[in-house]
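Participant: The following block contains the structure, expressed as structure tokens.
Read-outs throughout are calculated quantities, based only on the coordinates presented, and are distinct from any laboratory measurement. Remember, it's a predicted structure, so these values are computed and weren't measured experimentally. So basically every Cβ, Gly included, is an ideal-geometry build from the backbone, and we count neighbours across all protein chains shown.
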Amino acid sequence: VTSLLRACLALLFIVPLATCVLLDVGTGDATADGMEKPALLLLIAVDQMRADYLDRFRPQLNGGLRTLLEDSAVFINARQDHAITSTAPGHAAMLSGLYPRDNGMVDNTWFDRTLGRRERAAIDPEKQLVGVSATNNSPGVSPRQFLGTSLVGWLKDLDPLSQAVSISRKDRAAVLMAPEAEHVYWWHAASGRFISSTYYRDELPDWVNVFNGNDWLSGYLGGSWEQLGAEPAYILSRPDAYEGERGPRGFGTVFPHPFPTSRPALGRTIELTPFMDKATLDLGRAAITALNLGQDGVTDVLALGLSSTDSVGHYFGPYSRELQDQILRLDRMLGDFLEFVDRTAGLHRTLVILTADHGVAPLPEYSRELGDAAERLRLGEIYRGISEYLGDEFGGENWFTSSSHGWIQVDRAKATKLGVDANYIVHKAREYIETLDTVVAVFSRDDLLEDRKPQSQIEELLRRSFYAERLGDLYLLHSPLSLWQTGLATNHQSPYDYDRRVPLILSGPGIRPGVYAEPVAIVDIAPTLAHMLGLTAPNALEGIILEHVIVR
């Protein structure tokens with residue numbers, strides 16, 4: 001077993017970047033070579049799904065994942081080609097064809113240098129939530145921070161009757177998969193409901209209210225998450241109750257995982273299980289039925305962000321039994337869902353895209369068991385080290401206001417108040433950081449803003465992630481397989497290959513099935529689909545049209 005798992009850890013690190021060009025995909029109002037337009041575009045975004053999951057678990061897949069692997073264009077070397085591999089930039093890349101440097105989605109949160117405060121990718125304080133109590137004071141949600149356009153908008157420009165629905169557990173995933181969608185819904189754990197925002201509508205439509213009213217959540221009260229298969233099936237995973245796993249209190253780190261008997265608590269706990277994905281898919285079914293998606297004579301869009309793999313991965317890691325169980329259940333659920341799509345819109349008229357926003361690192365403890373160096377690193381210790389390095393010259397002050405996945409930001413307001421040159425603080429901080437064995441590279445804003453050819457692959461990836469007003473002063477790249485400590489079992493957000501390599505499957509009308517080994521990027525999806533649909537994008541896109549998979 002150990003040798004099999006060790007093989008699964010191969011090819012972890014940086015590999016050559018996919019070719020990237022700027023292009024105009026517009027061809028007017030005709031599809032490529034006059035092909036019949038699909039009735040439905042179905043985007044299935046599996047949060048934190050590493051590409052190797054499809055290989056590792058393939059002998060046990062018998063549902064929707066197996067169907068897609070056997071009758072589709074399967075790209076085995078697909079990657080998110082930017083450095084900060086988190087939910088917002090990964091989902092934003094799928095249908096926009098743009099890197100974060102162009103669409104502004106640099107991370108889930110960032111420190112806005114102009115506003116002087118932290119911002120969240122999908123939060124809009126000028127909007128309100130829809131579908132929750134009037135006493136709820138949480139801000140609304142919208143794509144206001146997203147700076148580009150997407151295939152959904154281009155499709156609506158061509159045919160305003162096209163409908164677009166986007167659903168996920170996460171608000172940022174629901175918003176950024178389809179920024180121009182008119183139906184956008186996400187899970188609100190406190191109320192145990194799917195909700196929306198006044199940016200989209202003033203009240204939930206009847207079909208969403210009916211779904212919420214069915215109270216599917218209560219069916220899990222006092223229950224548990226049990227292993228789906230018999231014990232021998234889990235030979236592909238490491239032992240249960242492994243060092244470094246961080247199951248929430250009361251949930252535990254071994255099967256079975258008990259559920260709370262309180263509904264509000266269950267609304268949060270259910271997010272850590274496969275059953276959150278089931279609810280998302282079930283709401284997708286309700287959308288198809290209520291809106292006649294794919295059955296109204298135009299091309300409609302349904303984007304489903306399945307977030308449970310991300311939650312399970314964060315708490316238990318990619319080689320856990322929980323993760324294997326999640327993928328096996330997802331396979332079954334997708335099989336049922338695709339059968340439903342076949343009975344309604346028709347799979348022969350549906351163009352399916354399955355991909356992911358990012359991968360994930362193994363638990364450092366597991367990497368060390370396999371003989372690799374891996375640590376849990378703390379940015380706070382680096383901050384203290386910098387203060388000590390600066391010493392008496394600056395009075396031991398803490399000069400940092402925020403950090404985000406390796407980015408650190410000098411407190412420029414403090415520097416101005418104390419009459420200190422902030423750029424000098426940056427220089428001295430970098431000088432200290434470059435002495436650390438756990439940091440393999442440091443990049444400054446000036447490095448990334450300089451008009452020159454990138455000096456390394458990492459720098460190119462960082463430049464694609466860099467939007468000047470939304471990121472910090474220095475980026476610290478930790479050693480491979482190590483993590484910035486966050487309290488989770490493991491994390492992503494690095495430019496290493498285990499975080500960037502994701503599945504990409506295209507299936508349906510106009511797609512030539514096969515296994516394709518050339519490097520491709522997730523930003524290639526949008527120009528390829530736009531070309532197939534005869535759409536004109538209003539801006540140049542990054543990526544290439546994957547013409548060799550389009551049936552002529």
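Participant: Per-residue counts of other Cβ atoms within 10 Å, averaged by peptide: what ranking do you get for 311-322, 531-542, 229-240, 396-407, highest first? Intermediate values should be presented prior to the final figure.
Facilitator: Numbers: 311-322: 25.2, 531-542: 20.3, 229-240: 13.8, 396-407: 18.8.
Highest mean packing first, the order is 311-322, 531-542, 396-407, 229-240.
Participant: Over all directions, average the projected area of the Cα convex hull of the range 376-478 and note it in nm².
Facilitator: Values: hull surface 26.9 nm².
Result: a mean projected hull area of 6.7 nm².
Participant: What number, in percent, do you get for the relative contact order of the chain if the mean sequence gap of Cα pairs under 8 Å and at least 6 apart is divided by its residue count?
Facilitator: Details: 1195 pairs, mean separation 177.1, N = 552.
32 percent.
Participant: Still on this structure: How big is the chain in terms of Cα radius of gyration and Dmax, in angstroms?
Facilitator: In order Rg, Dmax, the Cα atoms of the chain give 23.1, 73 Å.
Participant: Moving on to the next point. Local charge sum around Val130 (other residues, Cβ-Cβ under 10 Å, Lys/Arg +1, Asp/Glu -1)?
Facilitator: Details: positive: Lys127, Arg201; negative: Asp202, Glu203.
After counting each charged neighbour, the total is 0.
Participant: In Å and whole numbers, how far do the C-alpha atoms of the range 217-348 stretch along each principal axis, longest first?
Facilitator: Rounded to whole Å, the extents work out to 54, 34, 22 Å.
Participant: Further question: Against the longest alpha carbon principal axis of the chain, how many degrees, from 0 to 90 and to the nearest 10, is the axis of helix 321-343 turned?
Facilitator: On a 0 to 90 degree scale, this one is about 30.
Participant: Please name whichever of Pro89, Ala189, Ala290 sits farthest to the positive end of the charge dipole of the chain, dipole taken about the Cα centre and charges placed at Cβ: Lys and Arg +1, Asp and Glu -1.
Facilitator: Ala189
Participant: What angle do you read, to the nearest 10 degrees and between 0 and 90, between the alpha-carbon axis of helix 274-291 and the longest principal axis of the chain?
Facilitator: Value to nearest ten degrees: 50.
Participant: Starting from 0.36 nm per residue, how many nanometres of slack lie between Ser402 and Ala241 once their C-alpha separation is accounted for?
Facilitator: 54.6 nm
Participant: Can you figure out the FRET efficiency of Met35 with Glu518, using R₀ = 25 Å and their beta-carbon distance, to the nearest 0.05?
Facilitator: For Met35 and Glu518, the calculated efficiency is 0.65.
Participant: Rounded to whole Å and ordered largest first, report the semi-axes of the equivalent ellipsoid of the range 162-284 derived from its Cα gyration tensor (root of 5λ).
Facilitator: On the way: eigenvalues 196, 55, 33 Å².
Sorted largest first and rounded, they come to 31, 17, 13 Å.
Participant: Same structure again: Given the Cα-Cα distance of Glu393 and Ala468 and 0.36 nm per residue of separation, how much length would full extension add, in nm? List each step's numbers first, then the result.
Facilitator: Working: separation 75, 0.36 × 75 = 27.00 nm, distance 2.95 nm.
Additional length available on full extension: 24.1 nm.
Participant: So the label point goes 7 Å from the Cα of Thr486 along Cα→C-beta, right? Which residues of the range 115-136 then have their backbone N under 18 Å from it?
Facilitator: 118-123
Participant: A further question follows. Where in the range 142-163 does the amide nitrogen come within less than 16 Å of the point 7 Å from the Cα of Leu115, taken along Cα to Cβ?
Facilitator: 142-148
Participant: If you line up the long axis of helix 422-433 against the longest principal axis of the chain, both from Cα atoms, how many degrees apart are they, to the nearest 10?
Facilitator: 90
Participant: Hey, what number do you get for the chain at 222 nm if only DSSP H runs of n ≥ 4 count, each worth -39500 (n - 2.57), divided across all residues, to the nearest 500? Show your work: numbers first, answer last.
Facilitator: Values: 20 runs with 176 residues, N = 552.
Rounded to the nearest 500, the figure is -9000 deg cm²/dmol.
Participant: For Glu70, put the label point 7 Å out on the Cα→Cβ axis and report which residues of the range 314-338 keep their amide N under 19 Å from it.
Facilitator: 328-338
Participant: Here is a follow-up. Report, for the chain, the % of DSSP beta bridges that are antiparallel, rounded to 5. Numbers along the way, then the final one.
Facilitator: Details: 37 of 66 bridges.
Once the DSSP bridges in the chain are tallied, antiparallel ones form about 55 percent.
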